[in-house]
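Okay, structure first, notes after.
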């Protein structure tokens, strides 16, 4: 039996670093932050009014008809914009998608605004008919996969993975498994995260957000000894994961191979925390799945969200497995924490770095905590040829997802 190989043939992104791959690449290279202060959140009573600023999205500009927009709120709209770009990037045609062997698997773990709006509408009008028939689809976690499958005309896989901030990492991992096992030839995968204040009020109550409101662009500082919390963010990210021979028959240029996926659960006293041992287990399993050893890794895109405890846990795990040799950065220094979409967006950020031979900086980083082991945190843009990269994602409930990418035979590298 021939080994089926999952490759990346298309990408699309809608993030606070920009709309589209070119703009996002420039932002990554320049170390440009997308974090701002929100006056609205402060007036509402948020402890921290910091947030990512996404490009304004006019639903009418999507080109979708009113009937389609009826079932779409932020997560589905962001995902659609990213998926549309990824499909065009991959050169896929409608007939490629209209198959039982083409599907959608996305990561999304909440759609708060639509639910909140329904409650407020009922309280105001005292009649559920005013909520509208489209709200139920807007409010479901699976809103992204349902809407995308309907709009794109896919007939294969059609579901959403909910696993907190590792949701879209696990979605990519499942795409890998579906391709390898022969169930699908094409999987449109990724993640989406709403950025409205309604979705972040409960997070703010945890006091996990940075309070550095006077310096929005310096607030997210993964691994830095002066970090004081994360900054909420979001958007949409989509990748086309395709079986290698299927891609070759279409003549599709290939970004790289998704060669490894590892996962673990950190069962501990605090449901909101992972632990170093289980992070190491997830990384080790991903490496074994890829058939690689730690000395072959050229770059690590860390999960590090800029929280005091979480970053320290990941730092210890990286140090024990890789020491100081491997360059590490967390793109969350620029984007903030993109939550449910982070695994997918960071897979794209990592791929864009590899295609353009650089490592994006972990901006705002000056020094590690005195009690942490040394790792090689890159805080300025560094020229680097990346063949093999690792991307970490960890979430509430102790869910860990790690992805390994091989770009050594990429057909899309841009040099110089």
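The values are calculated or read from the model by the stated rules, or taken from the named source; none is laboratory data. Fair warning: this is a prediction, and the values are worked out from it, not measured in the lab. In this analysis, Cβ positions are derived from the backbone assuming ideal geometry, glycine residues included, and neighbour counts consider all displayed protein chains.
Residue check: is residue 39 more than 27 Å from residue 352 (Cβ to Cβ) and at pLDDT below 95? Walk me through it before giving the result.
Working: more than 27 Å from residue 352 (Cβ to Cβ): yes; at pLDDT below 95: no.
The answer is no for residue 39.
You will find that of 327, 308, 361, the residue that is over 29 Å from residue 144 (Cα atoms), out of contact with any strand residue (DSSP E or B) (no Cβ under 9 Å at 6 or more places or on another chain) and touching a residue at least 40 places away in the same chain (Cβ under 8 Å) is 308 and no other. Can you confirm whether the range 236-247 contains a residue that is in the same structural domain as residue 190 (by TED's automatic domain parsing) and at positive phi? No, every residue in the range 236-247 fails to be in the same structural domain as residue 190 (by TED's automatic domain parsing) and at positive phi. Take the range 318-338 and flag every residue that is crowded, with 24+ Cβ neighbours inside 10 Å and under 20 Å from residue 278 (Cα atoms). Those that are crowded, with 24+ Cβ neighbours inside 10 Å and under 20 Å from residue 278 (Cα atoms): 318, 328, 330.
Scan 77, 44 and give me the residue that is in contact with a helix residue (DSSP H, G or I) (Cβ under 8 Å, 6 or more places away or on another chain) and loosely packed, with under 15 Cβ neighbours inside 10 Å. Selected residue: 44, the only one of 77, 44 that is in contact with a helix residue (DSSP H, G or I) (Cβ under 8 Å, 6 or more places away or on another chain) and loosely packed, with under 15 Cβ neighbours inside 10 Å.
Within the range 139-151, how many residues turn out to be surrounded by fewer than 24 Cβ atoms within 10 Å (Cβ to Cβ) and in a helix (DSSP H, G or I)? Total satisfying the criteria: 5.
Please work out which residue is farthest from the chain's Cα centre (by Cα), limiting yourself to the range 283-298 and to residues that are in contact (Cβ under 8 Å) with a residue 60 or more places away in the chain and either surrounded by fewer than 17 Cβ atoms within 10 Å (Cβ to Cβ) or in a helix (DSSP H, G or I) (or both). Steps first, please.
First, pick out the residues of the range 283-298 that are in contact (Cβ under 8 Å) with a residue 60 or more places away in the chain: 283, 285-287, 289-290, 292, 296-298.
Then drop every residue that is not either surrounded by fewer than 17 Cβ atoms within 10 Å (Cβ to Cβ) or in a helix (DSSP H, G or I) (or both), which leaves 283, 285-287, 289-290, 296.
On the way: 283: 17, 285: 20, 286: 18, 287: 20, 289: 21, 290: 21, 296: 24 Å.
Checking each candidate, the answer is 296.
In the set 402, 378, 414, only one residue is farther than 28 Å from residue 265 by Cα, touching a residue at least 24 places away in the same chain (Cβ under 8 Å) and crowded, with 17+ Cβ neighbours inside 10 Å; that residue is 378.
Is there a residue being crowded, with 20+ Cβ neighbours inside 10 Å and in contact with a helix residue (DSSP H, G or I) (Cβ under 8 Å, 6 or more places away or on another chain) anywhere in the range 63-71? Among the residues of the range 63-71, at least one is crowded, with 20+ Cβ neighbours inside 10 Å and in contact with a helix residue (DSSP H, G or I) (Cβ under 8 Å, 6 or more places away or on another chain), which makes the answer yes. Set side by side, the residues 354, 347 differ, and just one is out of contact with any helix residue (DSSP H, G or I) (no Cβ under 8 Å at 6 or more places or on another chain) and either crowded, with 24+ Cβ neighbours inside 10 Å or part of a strand (DSSP E or B) (or both), which is 354. Tallying residues that are without any contact (Cβ under 8 Å) to a residue 60 or more places away in the chain and assigned to a helix (DSSP H, G or I) within the range 12-41 yields 4.
Among all residues of the range 71-79, there is none that is in a helix (DSSP H, G or I), in contact with a strand residue (DSSP E or B) (Cβ under 8 Å, 6 or more places away or on another chain) and farther than 25 Å from residue 198 by Cα. Scanning the range 260-270 turns up no residue that is under 18 Å from the mean Cα position of the chain (by Cα) and part of a loop (DSSP other than H, G, I, E, B).
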